[in-house]
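The values are calculated or read from the model by the stated rules, or taken from the named source; none is laboratory data. These figures come from a predicted structure and were not determined experimentally. All Cβ positions, even for glycine, are placed from backbone atoms using ideal geometry, and neighbour counts span all protein chains on display. The area values use the complete protein model at the heavy-atom level, side chains included, leaving out ligands, DNA and RNA. Shrake-Rupley method; radii C 1.70, N 1.55, O 1.52, S 1.80 Å.
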Amino acid sequence: MDSRGKRLGILIVLLSMSAVAGVVAAVNFNYFFAGKNQNTTDTQETVSTSGIVTEADGKVHGANLSAFLKDSEFFDTNVPVGSNQDTYDEVDEQGNTVRTLSILASSVERDIRVKILDDQGEAVTGQEFAVVVADTGVYVDEDKDGMILISDIKPGEYKVSLNEMEGFKVPTDPANVRVKSIVSYTVIDDIDYFVHSEAEIDVLKEDTESTTIESEDEDDTQYKALLDIEKEHEKAVQLGIDVSKWNGEIDWEVVKAEGVDFAIIRCGYRGSSSGWLIEDPFFFRNLEGAKKAGIKVGIYFFTQAIDRVEAVEEASMVVSLLGDTTIEYPVFIDIEGAGGNGRADQLDAATRTEIANAFCQTIQNAGLDAGVYSGRYWYYNNLNVEDFIGQKIWLAEYRETPLYTGRYDMWQYTSSGSVAGIEGRVDLNVSYLGIGD
């Protein structure tokens with residue numbers, strides 16, 4: 001081919017390429033600026049003027065995921081003030097909220113314990129609910145606390161139903177419960193549902209733990225014992241205190257610096273009037289503060305149990321409150337008077353001993369050490385110590401040297417102690433348990 005022919009061939013190629021480019025430009029102009037939809041079998045995409053691209057496999061690109069925020073009809077603006085949008089409550093034909101309920105039934109010994117719960121698992125209070133125990137009868141929540149305790153039930157299988165009540169949706173199926181014939185000394189699984197806070201009670205009637213011991217168990221020599229604390233420390237393994245809400249806010253770092261080795265902390269008590277299980281409002285802050293300061297910890301519970309079942313309840317509450325927290329000292333049941341008007345004040349020694357054993361066995365079965373706290377007079381007259389099942393003994397006797405002749409592992413020698421970091425008087429104790437550092 002000569003040079004003229006080559007030039008002609010190149011010109012034809014260039015003109016062809018220009019024509020193709022023009023066609024592509026025209027297509028793109030229509031595609032992006034003319035607002036026309038273009039379907040192609042090569043890309044298999046659908047493109048809209050909004051910029052959203054939907055591929056053949058269903059994937060979407062370019063969608064505005066927050067567009068619903070501009071939709072005035074998306075949200076329900078008629079939700080009543082104070083309601084919980086996360087609940088499963090329903091609305092009736094009049095537009096009123098209908099709360100959904102469930103019931104929990106359990107048994108410890110020849111009883112049925114019913115708890116009425118909302119959809120958040122909280123007890124529903126302020127309503128006089130009624131439950132039907134098949135072939136047994138109807139029982140009413142007269143004190144409106146969301147719990148019904150049914151006693152003297154024969155062992156066997158029972159069905160428990162909740163009666164209809166306006167404003168509530170009750171379960172359609174009954175709860176099944178097996179009533180036990182004999183209490184087992186194991187932690188009650190649902191005990192948390194039966195624990196109350198002090199906000200729910202009359203504290204003056206319920207928290208009547210005595211701040212004094214029998215007059216026969218103290219004299220002025222206890223103050224000499226306070227002066228001999230260093231000498232006592234040489235004989236004892238540890239020096240410690242016991243505290244509850246009555247001691248108020250405690251600076252545990254200062255307490256540790258004062259030489260306190262251990263603290264026995266009250267976790268709760270049974271109401272002297274109502275019999276409710278009540279948590280000490282300072283328990284968790286005392287537990288956390290003492291452990292953070294490096295002080296060894298034990299627990300005590302002030303009992304007003306009147307039988308073994310209630311003792312198991314009290315022990316179960318302690319174990320539940322402790323959870324996975326480790327403690328170095330035992331869990332003690334505090335058995336003493338409640339001012340003469342407590343529900344357990346008139347029990348005989350045999351019953352009190354059964355209560356102490358039931359509490360301690362439940363604690364021990366949960367893998368913890370257990371013990372009994374009381375005064376010398378009570379150990380001699382209101383408890384049968386010879387029938388104890390190996391629990392530790394914590395003696396309260398306020399004098400220089402105890403007159404108690406039985407075995408004891410800890411000694412509370414005064415309630416008139418003073419420790420920096422604690423405002424006011426505090427109980428002082430020595431321990432012979434041999435717990436090392």
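You will find that of ASP369, ASP334, the residue that is of a type in the set (Asp, Glu) and open to solvent by less than 20 Å² (accessible area, probe 1.4 Å) is ASP334 and no other. For the range 338-363, the tally of residues that are surrounded by fewer than 20 Cβ atoms within 10 Å (Cβ to Cβ), in contact (Cβ under 8 Å) with a residue 12 or more places away in the chain and not acidic (Asp, Glu) stands at 7.
Residue count for the range 252-296 under the criterion of being more than 16 Å from VAL426 (Cα to Cα), touching a Lys or Arg at 6+ places or on another chain (Cβ under 6 Å) and of a type in the set (Phe, Trp, Tyr): the result is 0.
The number of residues in the range 119-129 being within 20 Å of GLU200 (Cα to Cα), at pLDDT below 90 and open to solvent by less than 60 Å² (accessible area, probe 1.4 Å) comes to 2. Which count do you get for residues in the range 414-430 that are within 16 Å of LYS245 (Cα to Cα), exposed (fewer than 14 other Cβ atoms within 10 Å of the Cβ) and more than 30 Å from the chain's Cα centre (by Cα)? Total meeting the criteria: 1. Just one of the listed residues (VAL114, VAL132, VAL138, VAL177) is open to solvent by 80 Å² or more (accessible area, probe 1.4 Å), of a type in the set (Val, Ile, Thr) and in a strand (DSSP E or B), namely VAL138.
Only one entry of SER197, SER106, SER151, SER184 meets the criterion of being surrounded by 18 or more Cβ atoms within 10 Å (Cβ to Cβ) and among the polar types (S, T, N, Q), and that entry is SER106.
Here is a list of conditions, (1) open to solvent by 30 Å² or more (accessible area, probe 1.4 Å); (2) touching a residue at least 60 places away in the same chain (Cβ under 8 Å); (3) within 28 Å of the chain's Cα centre (by Cα), and GLY167 meets all of them except one; can you say which number that is? Only one criterion in (1) open to solvent by 30 Å² or more (accessible area, probe 1.4 Å); (2) touching a residue at least 60 places away in the same chain (Cβ under 8 Å); (3) within 28 Å of the chain's Cα centre (by Cα) is unmet by GLY167, namely (3).
Condition first: part of a loop (DSSP other than H, G, I, E, B), among the hydroxyl-bearing types (Ser, Thr, Tyr) and out of contact with any helix residue (DSSP H, G or I) (no Cβ under 9 Å at 6 or more places or on another chain). Now tell me which residues in the range 180-212 satisfy that.
Pass one, the range 180-212, residues part of a loop (DSSP other than H, G, I, E, B): 180-190, 197, 201-202, 207-212.
Narrowing further to those that are among the hydroxyl-bearing types (Ser, Thr, Tyr): 181, 184-186, 197, 208, 210-212.
Hits for the range 180-212 are SER181, SER197, THR208, SER210, THR212.
Count of the range 211-234 residues, restricted to those that are farther than 13 Å from SER418 by Cβ, open to solvent by 40 Å² or more (accessible area, probe 1.4 Å), modelled with pLDDT of 60 or more and not small (Gly, Ala, Ser), is 10. Regarding the range 276-283, can at least one residue be identified that is modelled with pLDDT of 95 or more and either polar (S, T, N, Q) or more than 20 Å from the chain's Cα centre (by Cα) (or both)? Checked the range 276-283: no residue is modelled with pLDDT of 95 or more and either polar (S, T, N, Q) or more than 20 Å from the chain's Cα centre (by Cα) (or both).
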